[in-house]
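The values are calculated or read from the model by the stated rules, or taken from the named source; none is laboratory data. This structure is a prediction, so every number in the text was calculated from the model and none was measured. All Cβ positions, glycine included, derive from the backbone under ideal geometry; neighbour counts span all protein chains shown. All accessible areas refer to the heavy atoms of the entire protein, side chains included, with ligands and DNA or RNA removed. Shrake-Rupley method; radii C 1.70, N 1.55, O 1.52, S 1.80 Å.
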Amino acid sequence: MDAWKRLGGFIGSHMAVVSPVCVALGVLFPQVDLVLRPFVTPFFAFMTFQSALSNTVGNLARTARHPAPMLVALVLATVVMPCVACALATALFGSNPNLVCGIVLEYSVPVAVVAAMWTNMLGGDPALTLATILVSTVAAPVTIPLTLHVLLGQTVEIDAARMVGEMAVSIALPALAGTLANDLSHGRAARELSPVIAPAAKIALVLVILSNSTGVAPYVRHLTPTLVAVAVFIAAFATCGYALGLLAARVLRCPDDQAASMTFLVGMRNISAGAVIAGEYFPGEVMFPVVIGTLFQQVLAASFGSLLRRLRRGEHEARAAA
């Protein structure tokens with residue numbers, strides 16, 4: 001069992017390397033998708049369930065009593081980022097609606113459940129993080145179709161009813177199930193079940209990234225200047241997401257733990273959910289902007305984690321000198 005848990009810990013601590021490797025393998029061996037594709041939705045539901053095992057209804061209640069950081073993070077992630085992404089993508093790549101759609105979809109998906117991992121490593125506020133992830137995830141079946149319809153409804157045909165149903169099965173219901181399981185077991189699910197299944201959830205994440213990456217194989221193998229420009233845009237805009245979360249926390253004068261949480265809550269997106277949606281509902285080219293974000297998200301998370309540590313050390317030294 002210890003070896004099993006160490007495996008999960010190794011994957012989690014090396015996601016900045018694992019994610020790009022999975023993308024590369026998916027591009028080099030796209031045939032693996034024939035085996036993995038039927039399991040993507042179950043994998044995704046399992047990952048969401050495992051992450052939610054650390055949450056409780058009490059987390060949401062405590063955060064609701066002081067909701068400003070959560071509300072600001074949700075507005076930035078759910079409204080501001082998609083709208084700005086749409087405006088910039090239209091201005092830069094408007095001649096290709098599929099690429100614009102992929103960029104908007106990348107920033108319309110809910111907050112990444114892996115944000116909880118980074119928040120824990122940086123001493124963030126677990127109640128704020130888990131409550132925000134839960135709200136974002138449960139609302140996703142409504143917010144994703146609504147965002148795509150409002151921003152792209154004139155150019156992209158969206159089967160909103162089908163999307164709502166499948167997002168409910170793969171995200172919302174597992175999130176609620178995990179939260180209720182932890183509450184009903186009085187925390188035993190978080191203490192005993194979650195650590196046992198966490199390595200399996202990380203393996204599932206690796207397999208989902210690998211499967212989703214196969215969708216961009218034709219485009220990566222035949223990169224055009226436009227696709228390179230899209231990749232650069234995604235990297236720059238993702239960086240802005242983390243920075244925006246940190247800036248918002250500073251404006252709200254949040255303590256260090258909440259600042260760490262807001263940085264990752266605004267910056268990290270559930271790319272796997274976006275890839276599943278792109279693969280199910282849109283032409284293959286839409287997948288490129290979504291999955292290419294996998295190359296940058298974990299690396300940027302590690303970089304901003306280092307920045308947060310430096311900022312904390314600087315503030316502590318300044319207080320000590322005063």
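For this structure, a couple of remarks:
- The range 265-321 and the range 211-228: distance between their alpha carbon centers, rounded to Å: 20 Å
- Accessible surface of the chain, 1.4 Å probe, proportion on carbon and sulfur as whole %: 69 percent
- When the inverse distances between all different Cα atoms of the range 202-322 are averaged and flipped, the Kirkwood radius reads 16.1 angstrom.
- Estimated dipole of the range 135-243 in Debye, rounded to 20 [Cβ of Lys and Arg +1, of Asp and Glu -1, Cα centre]: 280 debye
- Just so you know, the averaged projected area of the alpha carbon convex hull for the range 64-146 sits at 6.0 nm².
- About the Cα centre, charge dipole magnitude for the chain (Lys/Arg +1, Asp/Glu -1 at Cβ), debye: 780 debye
- Of the residues ALA243, VAL216, ALA201, the one whose Cα sits farthest towards the positive end of the charge dipole of the range 200-322 is ALA243 (charges of +1 on Lys and Arg Cβ, -1 on Asp and Glu Cβ, taken about the Cα centre).
- With every protein chain in place and a 1.4 angstrom probe, the accessible-area ranking of LYS5, LYS202, largest first, reads LYS5, LYS202.
- For ASP256, the solvent-accessible surface with a 1.4 Å probe is about 50 Å², rounded to the nearest 10.
- Entry note, the chain: relative contact order of 33 percent, from Cα contacts under 8 Å with a spacing of 6+ residues.
- Segment THR226-ALA302, extension gain: residue separation times 0.36 nm, minus the distance between their alpha carbons: 24.6 nm
- Considering only Cα atoms, the convex hull volume of the chain works out to 138 Å³ per residue.
- GNM top mover of ALA198, ALA260, ALA140 - the chain, alpha-carbon springs below 10 Å: ALA198
- Among VAL150, VAL208, VAL113, the largest mean-square fluctuation in a Gaussian network model of the chain (Cα springs under 10 Å) belongs to VAL150.
- Extension gain for GLU192 to ALA87 (0.36 nm times residue separation, less C-alpha to C-alpha distance): 33.2 nm.
- Heavy-atom accessible area per residue - the chain, 1.4 Å, Å²: 43 Å²
- Note on surface exposure: ARG162, ARG188, ARG312 rank ARG188, ARG162, ARG312 by accessible area, highest first, 1.4 Å probe.
- Estimated at the nearest 10 Å², the accessible area of ARG37 is 70 Å² with a 1.4 Å probe.
- Span-rule helices in the chain, defined as complete DSSP H runs reaching 30 Å or more along the axis (Cα) with Kyte mean at least 0.5: 126-152, 225-251
- Across VAL266, VAL206, the residue with the most accessible area heads the list, and the full order at a 1.4 Å probe is VAL206, VAL266.
- Exposure check, 1.4 Å probe, all protein chains in place: HIS316 carries approximately 100 Å² of accessible surface.
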